[in-house]
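Below is one structure, written out as structure tokens; comments come after it.
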Protein chains: 2
Amino acid sequence: MDRVFQALGDPARRKMIDRLSRGPASVSELARPFDMTLAAVVQHVQVLEQSGVITTEKIGRVRTCRLEPRGLSAAERWISKRRATWERRFDRLEALLEETEEPTPPKKGSKES
Amino acid sequence: MDRVFQALGDPARRKMIDRLSRGPASVSELARPFDMTLAAVVQHVQVLEQSGVITTEKIGRVRTCRLEPRGLSAAERWISKRRATWERRFDRLEALLEETEEPTPPKKGSKES
């Protein structure tokens, strides 16, 4: 999980994921929009592959990169679980407030107290 | 967005987010489960705060940390958008395959071809 989030923590790598979400691409296709050496691109591709967010396959001289959605899903689930816990907490607090408020009918001037 | 994912790319910080998803906590409460100096914990808290994933408030000598769900939501949305694009691509490919297959009725032995 560390590796997935670390892979996502770089704008160039996120741009590569963005490209790959629209379909597989060779390393040189991935490199095209960047003002970066091919060696730097290859390094980013390796970080993405090691994190499990993409897979690559070399056929002849061309390495094709593909998004591996299970890597992204794991990260997405980790976040959404924490957000859900946090939201449930608020629902409980709200319910508790309603319960506490119900028995005592509103008094005159209670707004100012 | 870089900072959010970088903040999430550390197991100690994810554990802190986990704790804060269940409610606010002071820095010393956050430090409790870790075998770490308070200075190291404070540094992690700063990374989390600078990323926008948590907010902190100092009252007297106690700094209270709170989850800021908008930070997490942004990261979650970034991921789910790419996953959705990727899934739509597959839906389109499937539809295209169905269209291509329909006009030609299955032939004997076509499985082997």
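The values are calculated or read from the model by the stated rules, or taken from the named source; none is laboratory data. A quick note: this is a predicted structure, and the numbers were derived from the prediction, not measured. Neighbour counts run over all protein chains shown; Cβ positions are idealised from the backbone, glycine included. For the accessible areas, the whole protein counts, side chains as well, though only heavy atoms, and no ligand, DNA or RNA atoms are used. Shrake-Rupley method; radii C 1.70, N 1.55, O 1.52, S 1.80 Å.
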Examine the range A:98-109 for a residue that is surrounded by 14 or more Cβ atoms within 10 Å (Cβ to Cβ) and not hydroxyl-bearing (S, T, Y), and state whether such a residue exists. no
I'd like the residue in the range B:49-72 that is exposed (fewer than 14 other Cβ atoms within 10 Å of the Cβ) and without any contact (Cβ under 8 Å) to a residue 24 or more places away in the chain and, out of all such residues, is farthest from B:S26 (Cα to Cα). B:R70
Considering every residue within the range A:13-26, establish whether at least one is away from chain B (no Cβ under 11 Å), in contact with a Lys or Arg (Cβ under 9 Å, 6 or more places away or on another chain) and farther than 20 Å from B:D10 by Cβ. yes
Looking at the range A:26-41, is at least one residue under 20 Å from the mean Cα position of the chain (by Cα) and either small (G, A, S) or open to solvent by 80 Å² or more (accessible area, probe 1.4 Å) (or both)? no
Please go through the range A:54-78 and give me each residue that is assigned to a loop (DSSP other than H, G, I, E, B) and either closer than 23 Å to B:D18 by Cα or more than 10 Å from chain B (Cβ to nearest Cβ) (or both), ordered by number. A:G60, A:R61
Please give the number of the condition A:K81 fails out of (1) loosely packed, with under 14 Cβ neighbours inside 10 Å; (2) within 14 Å of another protein chain (Cβ to nearest Cβ); (3) at pLDDT 95 or above. (3)
